[in-house]
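**Q** Quick one: structure below, then a few questions.
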Amino acid sequence: MSLAKKIISGDQRALARALTFIEDGDAASERILAELHAHGGKAHLVGVTGAPGVGKSTLVNALAQSVRARGDTVGVLAVDPTSPFSSGAVLGDRIRMRDLAGDKGIYIRSMATRGALGGLSHATAAAADVLDAAGFDCVLIETVGVGQAGVEIAANVHTTIVLMAPGSGDDVQAIKAGILEIADILVVNKADLSGAEQTRAYLRSTLTMGQTARAVAGHPHSEQADTPSPGWEVPLLMTVASVGEGVDELLQSLVAHHDYLASSGELDNRQRERMRAIVELRLRNRLYTRLVQQVSQQRFDALLQAIVARETDPYSAVASLMEDID
Amino acid sequence: MSTNPIRVLIAKPGLDGHDRGAKVIARALRDDGMEVVYTGLRQTPEMIAEAALHEDVQAVGVSILSGAHNALVPRVMTQLRDKDISHVPVFVGGIIPDEDVAALLELGVAAVFGPGTRTGEIVAAVRCAVERAVAGASG
Ligand SMILES: Nc1nc2c(ncn2[C@@H]2O[C@H](COP(=O)(O)OP(=O)(O)OP(=O)(O)O)[C@@H](O)[C@H]2O)c(=O)[nH]1
Ligand SMILES: [Mg+2]
């Protein structure tokens, strides 16, 4: 039986192997993904993002239990940063997800960014597709703790949950980073801490301003998957993820957002944009690989040398390389 | 020979609340370029095996300071076997009396590291065991 068939039949060891192949860029990964593709497209893909320590893993732990209580299965991808000093990483999100252990309807995979910026790894989107094809009803993707950078998650999921916590100053940072713009659902976690109410009020006014501005500008129906949806009012919720408070309300909002996406046609848009991104990325990589195969190392090195010596420039060099290949 | 990072699970079974040693090892493995899934305190053997399965790790390290190794390690090994991943090498670190070491090795544990072991030695042992397993599988 092929690895893909085993995955579809619910074999978690096959699933785990396939995710490793994908992370490692193994030659087998394209074949697996190709075979799985027809089985995908059913899962609700959900991103959970926010600053380091805001409670993303703790929230995933609580949210996954609520999703399970409805009878749906959950796949989790938890991304942590690769060390900039070695190619290694300590992946610690599982620490907060211990309540999910022992449930066959839950699969949790930790991933390192492996040099990718933007809060995910290059393999995360494909890994989500695998979990989708494996039959998980809901796929929760926890990004790296992002402060300023990294809004890539929104282009890879259907619903983006942005987490804030009181008193950290993250709210102002987040606004500067444009992270509010990617939120389909905005959550003030650690609502048990003092200052939660102020954070909420602050976010409420910022949200209202943003929504008014968009309405006034007559924000066009953009093709970009990461622009907020017209016709969807971003809910602002409070949670205490560590005790599960507010999490059922969050699940209700998630379901409502999925219903909204489906009924407005936006779900199809987002699916199409995800697929477009996958195709474009593959195409770019393949074209680049072909170029590299056709240009000899000596020729490349010689050009580089000439650029360094200021005899030619990077732009003319690329133009001349392009002439080599077509 | 691939340059993909080795994936390792570091787990802390049992009821003692000291994970300093486990964290030091996790960091040493990371600094050697490995991806270390760290699962935290009070992991049951079932949880350890499940995490090893989900994470497709190439080695499992368990740190046991409570003295319960004779009870815990066999259960970890059984759980790994039940999940069909008994080929994954298991390392045990902690305060293990000499007379217990042989019994653990007998169970199939790859190596046992006492409190004084240099981290460099542990890192090398993990790397060596994983590379041997990879070589064995591919040829
Ligand atoms: N008081 C309080 N603490 C919380 C709450 N949610 C999470 N925490 C604590 O916040 C700390 C960080 O939680 P995590 O879930 O690890 O946060 P994270 O966003 O996943 O962190 P990174 O993955 O490292 O970016 C832990 O000590 C949690 O117990 C909450 O609602 N209230
Ligand atoms: Mg986390």
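Conditions tested, residue by residue: (1) touching a Leu at 6+ places or on another chain (Cβ under 8 Å); (2) modelled with pLDDT of 95 or more.
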residue	(1), (2)
A:19	no, yes
A:38	no, yes
A:53	no, no
A:60	yes, yes
A:67	yes, yes
A:77	yes, yes
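**Q** Right, something else. List the pairs whose first member sits in region A:192-208 and is under 19 Å from residue A:182 (Cα atoms), whose second member is among the acidic types (Asp, Glu) and in a helix (DSSP H, G or I), and whose Cβ atoms are under 9 Å apart, counting only residues at least 6 apart or on separate chains?
**A** A:199/A:170; A:199/A:171; A:202/A:171; A:203/A:171; A:206/A:171
**Q** Has region B:62-77 got any residue that is assigned to a loop (DSSP other than H, G, I, E, B), open to solvent by 30 Å² or more (accessible area, probe 1.4 Å) and of a type in the set (Lys, Arg)? Give the derivation first.
**A** So the first thing to find is which residues in region B:62-77 are assigned to a loop (DSSP other than H, G, I, E, B), and the list is B:65-68.
From the residues that got through so far, the ones that are open to solvent by 30 Å² or more (accessible area, probe 1.4 Å) too are B:65-68.
Subsequent filtering for residues that are of a type in the set (Lys, Arg) retains none.
No, there is no match, as no residue in region B:62-77 is assigned to a loop (DSSP other than H, G, I, E, B), open to solvent by 30 Å² or more (accessible area, probe 1.4 Å) and of a type in the set (Lys, Arg).
**Q** For region B:1-28, name all the residues that are under 14 Å from residue A:92 (Cα atoms) and facing chain A (nearest Cβ under 8 Å).
**A** B:7, B:26, B:27 - these are the residues of region B:1-28 that are under 14 Å from residue A:92 (Cα atoms) and facing chain A (nearest Cβ under 8 Å).
**Q** Let me ask something additional. Within region A:12-56, take every residue that is within 14 Å of chain B (Cβ to nearest Cβ) and crowded, with 24+ Cβ neighbours inside 10 Å and give me the one that is farthest from ligand 1 (Cβ to nearest atom).
**A** A:18
**Q** Okay, next question. Filter region A:105-137 for residues that are in contact (Cβ under 8 Å) with a residue 12 or more places away in the chain, assigned to a loop (DSSP other than H, G, I, E, B) and over 11 Å from the mean Cα position of the chain (by Cα) and give the result.
**A** A:105, A:113, A:114, A:115, A:117, A:134, A:135, A:136, A:137 - these are the residues of region A:105-137 that are in contact (Cβ under 8 Å) with a residue 12 or more places away in the chain, assigned to a loop (DSSP other than H, G, I, E, B) and over 11 Å from the mean Cα position of the chain (by Cα).
**Q** Let me ask something else about it. Looking at (1) over 12 Å from the mean Cα position of the chain (by Cα); (2) of a type in the set (A, V, I, L, M, F, W, C); (3) farther than 23 Å from residue B:4 by Cα, which is the only condition residue B:137 fails?
**A** Looking at each condition in turn, residue B:137 falls short on (3).
**Q** Pairs needed: first member in region B:112-139, in a loop (DSSP other than H, G, I, E, B); second member anywhere, open to solvent by 40 Å² or more (accessible area, probe 1.4 Å); C-beta distance under 7 Å; at least 6 residues apart or different chains.
**A** B:115/B:95
**Q** Find all pairs meeting these conditions: Cβ atoms under 7 angstrom apart; at least six residues apart or on different chains; first residue within region A:301-326 and more than 13 Å from residue A:291 (Cβ to Cβ); second residue open to solvent by 50 Å² or more (accessible area, probe 1.4 Å) and at pLDDT 95 or above.
**A** Filtered contacts from region A:301-326: A:307/A:313; A:307/A:314.
**Q** Within region B:33-65, which residues are more than 7 Å from chain A (Cβ to nearest Cβ) and touching a residue at least 60 places away in the same chain (Cβ under 8 Å)? It would help to see each step written out before you state the result.
**A** To start, the set of residues in region B:33-65 that are more than 7 Å from chain A (Cβ to nearest Cβ) comprises B:41-45, B:48-49, B:52, B:57-65.
Correct list: B:58, B:59, B:61.
**Q** Would you tally the residues in region B:96-139 being crowded, with 16+ Cβ neighbours inside 10 Å and under 17 Å from residue B:10 (Cα atoms)?
**A** The total comes to 13.
**Q** Yes or no: region A:257-265 includes at least one residue that is within 16 Å of ligand 1 (Cβ to nearest atom), under 18 Å from residue A:44 (Cβ atoms) and in the same structural domain as residue A:128 (by TED's automatic domain parsing). I'd like the intermediate steps shown before the answer.
**A** First, pick out the residues of region A:257-265 that are within 16 Å of ligand 1 (Cβ to nearest atom): none.
No, because not a single residue in region A:257-265 is within 16 Å of ligand 1 (Cβ to nearest atom), under 18 Å from residue A:44 (Cβ atoms) and in the same structural domain as residue A:128 (by TED's automatic domain parsing).
**Q** Test residue B:93 against the criterion of being assigned to a helix (DSSP H, G or I) and touching a residue at least 40 places away in the same chain (Cβ under 8 Å), and give yes or no. Can you show your working first?
**A** Values: assigned to a helix (DSSP H, G or I): no; touching a residue at least 40 places away in the same chain (Cβ under 8 Å): yes.
Spelling it out, it is not the case that residue B:93 is assigned to a helix (DSSP H, G or I) and touching a residue at least 40 places away in the same chain (Cβ under 8 Å).
**Q** Scan region A:83-90 and tell me whether some residue there is closer than 25 Å to residue B:10 by Cα, at pLDDT 95 or above, touching a helix residue (DSSP H, G or I) at 6+ places or on another chain (Cβ under 6 Å) and part of a loop (DSSP other than H, G, I, E, B).
**A** Yes, region A:83-90 has at least one match.
**Q** What number of residues within region A:268-326 satisfy the criterion of being out of contact with any Asp or Glu (no Cβ under 8 Å at 6 or more places or on another chain), of a type outside the set (A, V, I, L, M, F, W, C) and within 30 Å of residue A:258 (Cα to Cα)?
**A** 8
**Q** Please go through region A:69-104 and give me each residue that is in contact (Cβ under 8 Å) with a residue 40 or more places away in the chain, over 25 Å from residue B:3 (Cβ atoms) and within 13 Å of ligand 2 (Cβ to nearest atom), ordered by number.
**A** Result: A:76, A:97.
**Q** Kindly indicate which of A:2, A:110 is away from ligand 1 (no atom under 16 Å from the Cβ) and at negative phi.
**A** From the options A:2, A:110, the qualifying one is A:2.
**Q** For region A:85-100, name all the residues that are more than 16 Å from ligand 1 (Cβ to nearest atom) and either open to solvent by 10 Å² or more (accessible area, probe 1.4 Å) or more than 9 Å from every other protein chain (Cβ to nearest Cβ) (or both). Before the answer, list the steps.
**A** Taking region A:85-100 and keeping what is more than 16 Å from ligand 1 (Cβ to nearest atom), we get A:85-88.
Matches in region A:85-100: A:85, A:86, A:87.
The values are calculated or read from the model by the stated rules, or taken from the named source; none is laboratory data. This is a predicted model, so every value here is computed, not measured. No Cβ is skipped: glycine too gets one built from the backbone with ideal geometry, and neighbour counts run over all protein chains shown. These area figures cover heavy atoms from the full protein model, side chains too; ligands, DNA and RNA do not enter into them. Shrake-Rupley method; radii C 1.70, N 1.55, O 1.52, S 1.80 Å.
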